[in-house]
Amino acid sequence: MFESIPVFSQLDDWPLAHCSTLTALADGTLLCAWFGGAYETAPDVAILASRREPGAAAWSEPKVIASVPGLSLGQPVFLPRPDGELWLFFDVIMQTDWTSAVAHWQRSSDGGVTWSAPRELMDMPGLMFRSKPLVLPGRIILPAYDERAWQSRMLVSDDDGQSWRLTEPIVTPQGNIHPCVVPLSDGGRLLVYLRTGGSGGIIWRAESSDAGETWSKPTPTDIPNPNSGIDLIRLASGRLALAFNDSPRLRTPLCVALADEDERWLWTRIIEEEHAEYSYPTLLQTDETIHMVYTARREHIHYVRFDESWLLEGETTHELAYQGRHRSSSDTV
């Protein structure tokens, strides 16, 4: 099973579209959000959203769900709550670039149709989001990063989102951002994959044995990363799915790889391979279906869906490249 459709065509009022995220509502409706405007960091950039109801052939017309007059927004991330409320985290650029971005959030009690006014989450310029939260018993982990230092950090709440605190930074030689956190198969540890900084190269990884409080010294994987967004999820089957650009320098091709429970990346499918930007993927699984949204040429957001059997039919040519999934920290990169 495989389906591919645009969430929308390029919008006249918001010609730039980037950094999409995705969540599923209780009734099965998919809700996709991204930032759009004249250009990245432009003062008209807002958070827009579109929804696709179960059985619908197309996505709804995009609507603005968050804006601050005269300021640029970005990096939306949803957190659905057990009581049916939906939270949206995002950044507001207070000056001219992402280093001045301040974390904000807002809430919806009607499935993202209407929203409360944006509120500041934490007064730390440069603290930004990209990856989906991970909810553990008694703890919410909101992956974040410091745009000023290029270091990933976790925002942790142990009181159901009433208060938040930052963990210590995760440090790598070239810098890293966009941490993607999933539980490991043993149930007692967490795995994080990290976007590399600098000129690009490879994805880095680390583990935590204390629910994200501290992390092991990061080590490089063999998986390419051109200093661009990735996403990692653990599927209901126990396997891992990774969306990434299979290149150390280019934001194409865009691929989805599948690993066994031991993190051996054995299958790969190409989603886009045209010589253009296809980037910032977000993955989501509902029942047997895997959904993905991503930036297409910075002009629109594209949507695909498939199942695990489709991934298992993918090429196995990357097995040798990825089976040694991480080197020791002393190896040359």
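Is it fair to say G37 is buried (at least 16 other Cβ atoms within 10 Å of the Cβ) and more than 18 Å from K132 (Cα to Cα)? Steps first, please.
Values: buried (at least 16 other Cβ atoms within 10 Å of the Cβ): yes; more than 18 Å from K132 (Cα to Cα): yes.
So G37 fits the description; yes.
Among the residues of region 11-29, which ones are within 16 Å of G112 (Cβ to Cβ) and either among the polar types (S, T, N, Q) or open to solvent by 10 Å² or more (accessible area, probe 1.4 Å) (or both)? If the condition is that a residue be within 16 Å of G112 (Cβ to Cβ) and either among the polar types (S, T, N, Q) or open to solvent by 10 Å² or more (accessible area, probe 1.4 Å) (or both), then S20, T21, T23, A24, L25, A26, D27, G28, T29 are the ones that fit.
Residue count for region 131-151 under the criterion of being under 16 Å from P169 (Cα atoms) and either of a type in the set (D, E, K, R) or free of Cβ contacts under 8 Å to residues at least 12 places away in the same chain (or both): the result is 3. Among the residues of region 153-167, just one is open to solvent by 10 Å² or more (accessible area, probe 1.4 Å) and either more than 28 Å from Q106 (Cβ to Cβ) or within 17 Å of the chain's Cα centre (by Cα) (or both), namely R153. With the structure loaded, tell me whether W115 is part of a strand (DSSP E or B), open to solvent by 10 Å² or more (accessible area, probe 1.4 Å) and of a type in the set (F, W, Y) or whether it fails that test. For W115, the condition - part of a strand (DSSP E or B), open to solvent by 10 Å² or more (accessible area, probe 1.4 Å) and of a type in the set (F, W, Y) - is not met. Evaluate region 254-264: report whether one residue or more is touching a residue at least 40 places away in the same chain (Cβ under 8 Å), of a type in the set (K, R) and within 24 Å of L142 (Cβ to Cβ). No - not one qualifying residue is present in region 254-264.
Being closer than 24 Å to I93 by Cβ, of a type in the set (K, R) and more than 19 Å from the chain's Cα centre (by Cα) is not true of R139. The residue that is farthest from R298 (Cα to Cα), among those in region 79-96 that are open to solvent by 10 Å² or more (accessible area, probe 1.4 Å) and in contact with a Ser or Thr (Cβ under 6 Å, 6 or more places away or on another chain), is E85.
Taking into account only those residues within region 184-200 that are farther than 26 Å from R139 by Cα and open to solvent by less than 20 Å² (accessible area, probe 1.4 Å), which is modelled with the lowest pLDDT?
Here is the first cut: in region 184-200, the ones farther than 26 Å from R139 by Cα are 196-200.
Restricting the remaining residues to those that are open to solvent by less than 20 Å² (accessible area, probe 1.4 Å) gives 196-197, 200.
Details: T196: 95, G197: 93, G200: 82.
Within region 184-200, the match that is modelled with the lowest pLDDT is G200.
Taken over region 208-225, residues that are open to solvent by 10 Å² or more (accessible area, probe 1.4 Å) and closer than 18 Å to T282 by Cα amount to 1.
The set of residues from region 105-133 being within 17 Å of the chain's Cα centre (by Cα) and closer than 21 Å to P43 by Cα comprises W105, L127, M128, F129, R130. Taking every residue in region 276-296 that is outside any strand (DSSP E or B) and pairing it with any residue that is modelled with pLDDT of 95 or more and open to solvent by 30 Å² or more (accessible area, probe 1.4 Å), at least 6 positions away or on another chain, the pairs with Cβ-Cβ distances below 7 Å are A276/R297; E277/R251; E277/R297; E277/R298; E288/D307.
Taking region 41-57 as the region of interest, how many residues are open to solvent by less than 60 Å² (accessible area, probe 1.4 Å) and in contact (Cβ under 8 Å) with a residue 24 or more places away in the chain?
Taking region 41-57 first, the residues open to solvent by less than 60 Å² (accessible area, probe 1.4 Å) are 41-42, 45-52, 56.
Imposing the further condition that a residue be in contact (Cβ under 8 Å) with a residue 24 or more places away in the chain reduces the set to 41-42, 45-52.
Qualifying residue count for the region: 10.
The values are calculated or read from the model by the stated rules, or taken from the named source; none is laboratory data. None of these values were measured; they are calculated from a predicted model. Every residue, glycine among them, receives a Cβ derived from its backbone with ideal geometry; neighbour counts consider all protein chains shown. These accessible areas exclude ligands, DNA and RNA; they are computed on the full protein's heavy atoms, side chains included. Shrake-Rupley method; radii C 1.70, N 1.55, O 1.52, S 1.80 Å.
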